[in-house]
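Asks: Below are the structure tokens for one structure; questions will follow.
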Amino acid sequence: PCLQFPLEQSMADERALHALYGGPPPGKRVHTGHGLTHYMMEPPLHSRIDGAAEEDTSESRRRVAVCAHGIGTSLEIYGAIATALREEGYHVLRYDFYGHGWSRPDSKWLPYTAEVFMAQLDGLLAHVLAPAEPIELFV
């Protein structure tokens with residue numbers, strides 16, 4: 001299936017989201033192949049996780065959990081799960097699919113295919129993770 005995202009609607013959605021949240025969203029945005037991806041990395045990979053065992057946050061190994069929502073929701077759905085995963089020593093990467101939350105596709109027509117979503121995740125992981133850094137990845 002293809003979904004249409006007219007630019008003027010996208011801008012109206014952006015203004016409505018700013019009004020709802022009182023400003024720009026928490027987190028960051030990066031271009032990932034087919035558009036801008038909004039994401040949150042909690043805590044950033046270079047920081048120590050409070051309460052985690054030293055071996056879980058050493059430079060030799062990072063534990064990263066990736067939370068990818070379903071169609072029609074946003075990264076906000078994983079707030080409580082992200083908190084629980086951080087308490088277990090994970091760095092948590094949450095992101096919005098194109099056309100959801102604060103992520104925006106480049107094209108007004110974007111096919112919602114596995115290839116599109118895998119390319120989005122691949123681009124995001126390439127941006128967030130340091131090259132050749134050993135990690136445990138849980139998706």
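The values are calculated or read from the model by the stated rules, or taken from the named source; none is laboratory data. What you see is a predicted model; the values in this text were computed from it and never measured. Every residue, glycine among them, receives a Cβ derived from its backbone with ideal geometry; neighbour counts consider all protein chains shown. Surface accessibility is based on the protein's heavy atoms, side chains included, excluding ligands, DNA and RNA. Shrake-Rupley method; radii C 1.70, N 1.55, O 1.52, S 1.80 Å.
Asks: Around residue 30, with a cut-off of 15 angstrom between Cβ atoms, what is the net charge of the other residues, counting Lys and Arg +1 and Asp and Glu -1? List each step's numbers first, then the result.
Replies: Working: positive: 28, 29, 94, 104; negative: 96, 106, 122.
Surrounding charge for residue 30 is +1.
Asks: Extending each Cα 7 Å along its Cβ direction at residue 73 and residue 114, get the distance between those two points in nm, one decimal.
Replies: Roughly 2.1 nm, to one decimal.
Asks: Which FRET efficiency, nearest 0.05, do residue 126 and residue 16 yield, Cβ-Cβ r, R0 25 Å?
Replies: Using R0 = 25 Å, I get an efficiency of 0.20.
Asks: To continue, here is another question. What number comes out for the charge environment of residue 79, summing +1 per Lys or Arg and -1 per Asp or Glu over other residues with Cβ under 12 Å away?
Replies: 0
Asks: Here's another thing I want to ask about it. So, with a 1.4 angstrom probe, what is the percent of accessible area on segment 65-139 that is carbon and sulfur?
Replies: Ligands and nucleic acids excluded, carbon and sulfur give 61 percent.
Asks: Same structure again: Counting only heavy atoms of protein chains, what accessible area per residue, in Å², does segment 64-139 have with a probe of 1.4 Å?
Replies: I get 48 Å² per residue for segment 64-139.
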